[in-house]
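**Q** Shown below is the structure under consideration.
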Amino acid sequence: MKKPDTDCKKHPDAWHRSVPNCLPDVVAAASDVAEQLRQHGVSATAAHAVHFAIEEILTNTVRYSRAAQPTQIAIALRNDAVVVEIEDDGQPFDPLQLPTPQLSANLDDRQAGGIGIHLVRKMVSSLAYERRHNRNHITITVAR
Amino acid sequence: MLDITHKPEPPGVTVALKGHLNAITAPELEQQLDTLLNSAHEYIVVDLGNVAFIASAGLRVFLACAKKAKRANRGLALCRLQPQVQQIFDLAGMTPLFLIHPTAEHAHTALRQRSASK
């Protein structure tokens, strides 16, 4: 992964972005990446899944991780899939260890939280997590 | 990023959304829906026909609104969900929790009948 940058707006290149840990930057970056994927011929369904995954994972980072540096995103287009690597220096956060939320069909019993990462796991083809050098590394793959 | 417009259609109101419903825009929508739930409108129809993206923050707003509407005995329906938005509702298991209609007219008709039968 490239050396971290401090301002994603200087890097319109879709394939590596440094995203400041604030919600407006996160929301804009997720939307921009999806648009650029569509422009590169990625299906609307796959671009939407990447949009959703980046927004949910980075929103989580902003709210809970206490990351000091901007989150790094690297995107690779393979023939069959989009691979997105997300790296931050926040507290350990393994999305694979989150409990599956209760998706009760009863409105009164239904809890509001914990659904975002659960949906990400359902929408992507694969999701992997590693903690290396005090950094979280999340890799998602979405079929094109 | 999310335009929110209200169109009173007594005894209900249509709330039309345009844009992305995400962590930035969800709080404003929740505030406006709360205000409408405390108004004289008997029901709310939320038109999602121009919403291309919904994040979990948006789902939470609708879940909270549905609970508040139930407690206040007000009607709430959603309409014109685009395929990507419908997919999120389905994966979240939220589709059965809502009255979802293909058009605003269908939603108003259903809620008007519900309101009249109370």
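The values are calculated or read from the model by the stated rules, or taken from the named source; none is laboratory data. Keep in mind it's a predicted model, so treat the numbers as computed, not measured. Reconstructed Cβ throughout: ideal geometry from the backbone, glycine too, with neighbour counts over all protein chains shown. Protein only, heavy atoms only, side chains kept; ligands, DNA and RNA dropped before computing areas. Shrake-Rupley method; radii C 1.70, N 1.55, O 1.52, S 1.80 Å.
**Q** All but one of (1) part of a helix (DSSP H, G or I); (2) away from chain B (no Cβ under 12 Å); (3) in contact with a Lys or Arg (Cβ under 8 Å, 6 or more places away or on another chain) hold for A:Ile73; state the number of the condition that does not hold.
**A** (1)
**Q** Among the residues in the range B:48-65, are any closer than 19 Å to A:Arg110 by Cα and open to solvent by 60 Å² or more (accessible area, probe 1.4 Å)?
**A** yes
**Q** Taking the range A:90-144 only, how many residues are among the hydroxyl-bearing types (Ser, Thr, Tyr), at pLDDT 95 or above and farther than 23 Å from A:Ala44 by Cα? Before you say what the answer is, go through the steps one by one.
**A** Kept after step one, since they are among the hydroxyl-bearing types (Ser, Thr, Tyr), are these residues of the range A:90-144: A:100, A:104, A:125-126, A:129, A:139, A:141.
Then keep just the ones that are at pLDDT 95 or above; that gives A:125-126, A:129, A:139, A:141.
Checking which are farther than 23 Å from A:Ala44 by Cα leaves us with A:129.
Total satisfying the criteria: 1.
**Q** Please go through the range A:35-70 and give me each residue that is charged (D, E, K, R) and in a helix (DSSP H, G or I), ordered by number.
**A** Matches in the range A:35-70: A:Glu35, A:Arg38, A:Glu55, A:Glu56, A:Arg63.
**Q** May I pose another question? Report, by residue number, each residue of the range A:15-40 that is of a type in the set (A, V, I, L, M), open to solvent by 20 Å² or more (accessible area, probe 1.4 Å) and in contact (Cβ under 8 Å) with a residue 24 or more places away in the chain.
**A** Across the range A:15-40, the qualifying residue is only A:Leu23.
**Q** If you don't mind, there's one more thing I want to ask. Could you please tell me which pairs satisfy a Cβ distance under 9 Å, a separation of 6+ or placement on different chains, a first residue in the range B:67-79 that is open to solvent by less than 50 Å² (accessible area, probe 1.4 Å), and a second residue that is of a type in the set (D, E, K, R) and assigned to a helix (DSSP H, G or I)?
**A** Final answer for the pair search is B:Gly75/B:Arg112; B:Gly75/B:Arg114; B:Leu76/B:Lys68; B:Leu76/B:Lys70; B:Cys79/B:Glu105.
**Q** Looking only at the range B:50-72, filter to residues that are among the β-branched types (Val, Ile, Thr) and closer than 19 Å to A:Ile117 by Cβ; which one of those is farthest from the chain's Cα centre (by Cα)?
**A** Restricting to residues being among the β-branched types (Val, Ile, Thr) and closer than 19 Å to A:Ile117 by Cβ, the top hit is B:Ile54.
**Q** Would you mind finding the one in B:Pro10, B:Pro27 that is open to solvent by 70 Å² or more (accessible area, probe 1.4 Å), within 14 Å of chain A (Cβ to nearest Cβ) and not basic (Lys, Arg)?
**A** Of B:Pro10, B:Pro27, the one residue that is open to solvent by 70 Å² or more (accessible area, probe 1.4 Å), within 14 Å of chain A (Cβ to nearest Cβ) and not basic (Lys, Arg) is B:Pro27.
**Q** Across the range A:89-140, what is the total count of residues that are among the charged types (D, E, K, R) and more than 19 Å from B:Met94 (Cβ to Cβ)? Give the steps one after another, and end with the answer.
**A** In the first step, residues of the range A:89-140 are kept if they are among the charged types (D, E, K, R); the result is A:89, A:94, A:108-110, A:121-122, A:130-132, A:135.
If we keep only those that are more than 19 Å from B:Met94 (Cβ to Cβ) too, we end up with A:89, A:94, A:130-132, A:135.
Residues that pass the stated criteria total 6.
**Q** Of everything in the range A:41-50, what is surrounded by fewer than 16 Cβ atoms within 10 Å (Cβ to Cβ) and either touching a helix residue (DSSP H, G or I) at 6+ places or on another chain (Cβ under 7 Å) or of a type in the set (A, V, I, L, M) (or both)? Give them in sequence order.
**A** Correct list: A:Ala44 only.
**Q** Separate question: Given the options A:Ser125, A:Ser65, name the one that is touching an Asp or Glu at 6+ places or on another chain (Cβ under 7 Å) and under 23 Å from A:His16 (Cβ atoms).
**A** When all the criteria are applied, what remains is A:Ser65.
**Q** Further, regarding this structure: In the set A:Ala68, A:Ala44, which member is away from chain B (no Cβ under 14 Å) and modelled with pLDDT of 90 or more?
**A** Numbers: A:Ala44 fails: away from chain B (no Cβ under 14 Å).
Within the list A:Ala68, A:Ala44, the selection yields A:Ala68.
**Q** Here's another thing I want to ask about it. Please specify each residue of the range B:39-81 satisfying the condition of being within 14 Å of chain A (Cβ to nearest Cβ) and of a type in the set (D, E, K, R).
**A** B:Arg60, B:Lys67, B:Lys68, B:Lys70, B:Arg71, B:Arg74
**Q** Suppose we filter the range A:92-133 for residues that are assigned to a loop (DSSP other than H, G, I, E, B), out of contact with any strand residue (DSSP E or B) (no Cβ under 8 Å at 6 or more places or on another chain) and either open to solvent by 90 Å² or more (accessible area, probe 1.4 Å) or within 12 Å of chain B (Cβ to nearest Cβ) (or both); how many remain?
**A** 18
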